[in-house]
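Okay, so here's the structure we're looking at.
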Amino acid sequence: MNAVSPNAAARSTNSPRAPLPSLSAMLWVILFLGLSFTSARVVIVSGDSDPSLHRRLGEWMIQHRAIVGEDNLLHTYHGSASTMEWLSEVIMAALGNWLGWNGVVLLAAALIATCFWLLHRQLLGEGSDPVTATILVLVAMLTCSMHWLARPLLFTHLMTVVFAWQLRWFQRGRVTSRRLFTLLPPLMALWVNLHGGFLMGLILIAMYAVGEVVDSWSHRSSVERFKPLAALFVICCAATLVNPVGWRLPWEIMSFLRTPELSTLTTEFLSPNFHTVGMHGFLLLLLLLAVGLIVIRPKATATDVVLIGGWGYLALLSARNVPIFALVVTPILGQWFAEFTRDGQDRLWVRRYREWTERMPVASRRIDVAIMLATIIAALAVMAKPALAGGAPLIATDYPSTRYPMAVVDYLRAHPDAVHGEMFNYFLWGGYIEFALPSRKPFIDSRQNCYGIDVFHEFRTADQPKPGWEAVFAKYHVGWTILPVQHPLNRILELSPGWTRVYSDRLTLVFSRVS
Amino acid sequence: MAANGNGPDSQPRVQTDSDAESSGGILPWVMPTLTQWLWLVILLILLANPWRTMMAASDGDTCMHWRVGEYMLETGRLIRADVFSHTRYGAPIISKEWLSEIIFALAGRVWGLYGLCVVTALLIATTFALLHRQLVRESGNHAVAIFVAFLAAWAACAHWMARPHAFSFLLAVLWVDALRRFERGESARRLLVTLGALTLLWVNLHGGYLAGFITLGIYWMGALIELPLARADQNRSSAVRRKLAVLTGAIALCGVVSLLNPSGYQLHLHNLHFLRSSYLTNWLAEYASSDFHAFDSHGFLAWLALTFLTLALARPRLSPASALLLIVWTYFGLYAVRNIPLTVVFVAPILATALADAAPAWARRLSDRMRETDEMSRAWPLVGAVAIVAVVAFPRPTEMPAKKWPVDAVAYIHQHPDRFTGNMFNNYVWGGYLLYALPEHRVFVDGRTDFYGESLIRQYDDTSLLHTNWQQPLAQYHVDWTLMPVDHPLNLALALLPGWHCVYSNEVAAVFCRRP
């Protein structure tokens, strides 16, 4: 990652060297602080209840000093547990134990900020001017922000940037195959233990290999870069076996993805809904792509076509692939816009623009490192105040009581005998309850890859509710329910003689069987 | 790469009849052109089952439009106030589809539901035949034209239903054709006459006329962008200024003509009011974005791939209007499933022209062979005869499938009229069907979402989703019986209420009545 483009090199000699951090570092600092100290931190931990689920699993592993093998969080499922995210769960739990949710926020903010810091540096390294690079990275941030949640998925975003960067620079001859082989397989071995999205890395390598073959075929040249890419693919495939369950992990993920009925149960696996604000970034990126293709009319390589087309298809298929699309496509857009300003020097406004951007000060890397370290230390000092100096935290982070049943959880902790039997819970609250009320096992959480389609169908029968809901309750000995006030099952239970309301507030109703 | 046909100065590559070589023998009379093939194949597929039933029974709106049209034929006047629901009985109606509803009703009088399918099949087949002709004329490449037309039909077919929006497909083709002809140098007078006539038809046939206005606005915007770009060239600059003036005139003319409908300017206010309600546009399935996991979205996926590959590999030089049209309508297609047919109709000429410019030699040779066959063909009498025979001879009975619609429940209600004297609460999707199948009863709600408005749809949701106030709409509208899908949660709740009991249920529907 040390290679510098001729453009950037020219800037470093002609531009004044100022005692300022680089734009990349400033971007990192602003993003890190913005995510850590604004209300964004609450969204990061509570956008859905998966951060709680992962933290709970991580805590179990730290407590038992073992990787979770048998799933015991739900009362509806007892079987082998998924270990595809064990390492990130342990990291989240360790930080959570130290700093509470603040620790998890700091981890997520650091991962997100580093991801876009690297992307910005990549764009500058490939010849983008600082203004274009910053605008494109801001658009990529807007696109990815829909998935800025404290979940292991953030590790996949970071790894995607690294893989896409190295593969792109290898294709351009700026990174040697030796470097590729020393960097990517170990990273793949790490990735496979952090998150199930490691398949993205393999797909990226395969896309570059296919693009290389097509480019060579269309230019009647030799396929000299295909062989190392093919070898890298094989080695990275082998590296995916370095995990607690070996070959069974990739197999489990493939089986999950091959079962559409299972893999489309949650919103993030569905196609993007362009009515929502969260998709505005994606739309903006697609607009830039269209403008680039129509106005600049770049000579796209086969690899670029495969990357944009392939990841575009995957993004349209599942909203969770939208951030990956943004991270992979942004450098391609950067290259198009850089070539446009370079080739359009005969136009006055282009010339003026380039002169202006080349006058921008170039910062020293030492200052970058210093300011980023100082930011981390300062943030840690603020967030870790109770651990370091005792007393109340300067900034507290928790789930919002307007969206999660915190008051009920407090009530049930204080009145453990208020309900009996097994629980039936709201789908989106599963992870939160597992963490906040570990003494009670929920009916369901978001790990459909563990409990499978049958349990989910039974859940849905009672959740909608449909005829047969009582049989589901009887099968699983459900004795009480915890559901949002407007949930239709509450109306059925209100009218059912065998049930009584034991708790209610503005958000939640709890019904219990009449003993 | 040379500027292609989407550029401002490009000329169409028209194949005139005079180019055709005369050919003797019977072959020209039995060998249809590609356009005729496309028309006939689409028509026959749509008239055959299961597509015919899918067109009529995908939702209840087909029946609803037929019933509204039939009411207008029976009474001999346009519908001005609601007579079909008990929730908004007597409320004024903005009739935005009265003409197509009357056409459907006339067809229904002749052949029942099959008649509506025939009208829709003719509209859709003609739409894509005209589109194909336009593509051939503009691209000059028959192979590219048939490929793009086929892909357009595949992408659009998910929304081929027997409803007034099929008129919008046809009018959109004619609309964009007129605009592109004008861009290529045809007279302004012809543009104004064509757009004026199309506007008059469109505002009385379907609310989709807004698509025409948006497209016209895009062309105007394109001309405005072109203006500073053409400053260096005096001739081009004056041509662009003239174009801008004509398009401004066209907008004014179409705006005035659009008032020639039964509701005048209120039609526009009504449509805009509906589109501004995010609750309603998020509520309706056809306004949802495409689910690319579903099989019927694969055509649109292929269309998006074609768009991307054309831009990336053919690298066309697009005029500002073409560029804006492509971007805006692709966005609309992504935003809502119901826009996809309009997206492909508006964008197809741009892609076909770009692809034809980049076509390899083998595609050009294939096109030449196709053109020779087309020019030789005199088979339109045969195609017409086959179509007439098919329309007349196809087995006509077209029914709403009893596995999806409450056909048996309706029969039960007919058999026991004394039990169903009060107001009904019905499933939204079934509303249109009930207008047609149970004309003696007024519905709670049907597919006329814009007429019912957000407040009533929210009340419908309150009851059907069992919100805390779910019984309030039942009381407010004096509902005495319900007709809902058998596994609907409302049935579970009513079964637990002492004042209600189930009087009928089968595997599709359940009917609950208040106890006397």
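Rule-based calculations on the coordinates, nothing more; no lab input. For clarity, every value in this text was computed on a predicted model and none was experimentally measured. As a convention, Cβ positions derive from the backbone with ideal geometry for all residues, glycine included, and neighbour counts pool all protein chains shown.
How far, in degrees from 0 to 90, does helix B:209-229 lean away from the longest principal axis of the Cα atoms of chain B, to the nearest 10? Helix B:209-229 sits at roughly 30 degrees to that axis.
When both segment A:375-393 and segment A:105-131 are represented by their alpha-carbon centers, they are found 26 Å apart.
Across segment B:222-308, Cα pairs under 8 Å and at least six residues apart give a relative contact order of 11 percent.
Set the Cα radius of gyration of segment B:236-349 against 2.2 N^0.38 Å, with N its number of residues, and you get 1.35. Think of segment A:263-414 as a dipole: +1 on every Lys or Arg Cβ, -1 on every Asp or Glu Cβ, centred on the Cα centre; then among A:SER271, A:GLY390, A:TYR411, A:GLY390 lies furthest on the positive end. The phi torsions of segment A:200-208, fed into the Karplus equation with coefficients 6.51, -1.76 and 1.60 and a -60° offset, translate into couplings of 4, x, 5, 4, 4, 4, 4, 5, 5 Hz, rounded to whole numbers, with Gly and Pro shown as x. Its Cα gyration tensor gives segment B:23-96 an equivalent ellipsoid; the semi-axes, largest first and in whole Å, are 43, 16, 9. Here chain B carries DSSP beta bridges of which approximately 70% are antiparallel, counting only pairs with both residues inside. For the pair segment A:483-498 / segment B:332-406, the C-alpha centres are spaced 52 Å from each other.
One-quarter of the Cα convex hull surface for segment B:72-205, in nm²?
10.5
Once C-alpha pairs closer than 8 Å and six or more residues apart are averaged by separation and normalised to the residue number of segment A:318-446, the relative contact order reads 11 percent.
Could you list B:TRP380, A:TRP336 in order of exposure, starting from the residue whose Cβ has the fewest other Cβ atoms within 10 Å?
Placing the least packed residue first, the sequence is B:TRP380, A:TRP336.
The stretch between B:SER238 and B:VAL110 holds 40.6 nm of extra length on full extension. This uses 0.36 nm per residue minus the Cα-Cα distance.
In a reduced charge model with +1 at each Lys and Arg Cβ and -1 at each Asp and Glu Cβ, segment B:357-463 shows a dipole moment near 380 debye about its Cα centre.
How many angstrom separate the Cα center of segment B:133-203 from the Cα center of segment A:309-367? About 37 Å separates the Cα centre of segment B:133-203 from the one of segment A:309-367.
Along segment A:245-256 the Karplus relation, 6.51 cos²θ - 1.76 cosθ + 1.60 evaluated at θ = phi - 60°, assigns HN-Hα couplings of 10, x, 5, 5, 5, x, 5, 4, 5, 4, 4, 4 Hz to successive residues, with x for each Gly and Pro.
For B:VAL118, the shell of other residues with beta-carbons less than 10 Å away shows a net charge of +2, using +1 for Lys and Arg and -1 for Asp and Glu. The long axis of helix B:361-376 is offset from the longest Cα principal axis of chain B by roughly 80 degrees. Taking every C-alpha pair closer than 8 Å and separated by at least 6 residues, the mean separation divided by the residue count of chain B gives a relative contact order of 23 percent. Rg and Dmax of chain B, both derived from C-alpha coordinates alone, stand at 25.4, 85 Å. Full extension of the chain between A:ARG220 and A:SER439 yields a length gain of 72.2 nm, computed as 0.36 nm times the residue separation minus the alpha carbon distance. Work the Kirkwood hydrodynamic radius out for segment B:175-283: mean of 1/r over every pair of different alpha-carbon atoms, inverted, in Å. Computed over Cα pairs of segment B:175-283, the Kirkwood hydrodynamic radius comes out at 15.1 Å. Kirkwood analysis of the Cα pair distances in the protein assembly as shown returns a hydrodynamic radius of 32.4 Å. Put simply, the Cα atoms of chain A extend 84, 54, 44 Å along their principal axes, the longest span coming first.
When the C-alpha to C-alpha distance is required to be over 27 Å, the pairs from A:LYS441/A:LYS475; A:LYS441/A:LYS466; A:LYS466/B:LYS403; B:LYS96/B:LYS243; A:LYS466/B:LYS404 that qualify are B:LYS96/B:LYS243. Ordering A:LEU136, A:ASN72, A:PHE170 by Cα displacement along the dipole of segment A:51-181 toward the positive end leaves A:PHE170 in first place; charges were set at the Cβ atoms of Lys, Arg (+1) and Asp, Glu (-1).
Counting Cβ atoms of other protein chains within 10 Å of each residue's Cβ and taking the mean over peptide A:316-324 gives 2. Helical runs assigned H by DSSP (4 residues or longer) give chain A a calculated mean residue ellipticity at 222 nm of -19500 deg cm²/dmol, each run adding -39500 (n - 2.57) before division by the residue total. Placing +1 on each Lys and Arg Cβ and -1 on each Asp and Glu Cβ, with no other charges, gives the protein assembly as shown a dipole about its Cα centre of roughly 2460 debye. Against the longest principal axis of chain B, how steep is helix B:340-358, in degrees 0 to 90 to the nearest 10, with axes from Cα atoms? With rounding to tens, the tilt is 20 degrees. Per-residue ellipticity at 222 nm, computed for chain B from helices alone with -39500 (n - 2.57) per DSSP H run of at least four residues, works out to -20000 deg cm²/dmol.
The magnitude of the dipole of segment B:333-414, with charges of +1 and -1 set on the Cβ of Lys/Arg and Asp/Glu and taken from the Cα centre, is near 120 debye.
For chain A, the residue among A:PRO21, A:LEU428, A:GLY201 whose Cα projects farthest onto the positive side of the dipole built from Cβ charges is A:PRO21. Going from the fewest other Cβ atoms within 10 Å to the most, the residues B:ARG67, A:ARG403 appear in the order A:ARG403, B:ARG67. Close amide H pairs (under 5 Å, H built 1.01 Å from N) link B:VAL443 with B:SER85, B:HIS86, residues at least 5 positions away or on another chain. Taking the fewest neighbouring Cβ atoms within 10 Å as the starting point, the ordered list for B:LYS243, A:LYS299, A:LYS466, B:LYS96 is A:LYS299, A:LYS466, B:LYS243, B:LYS96.
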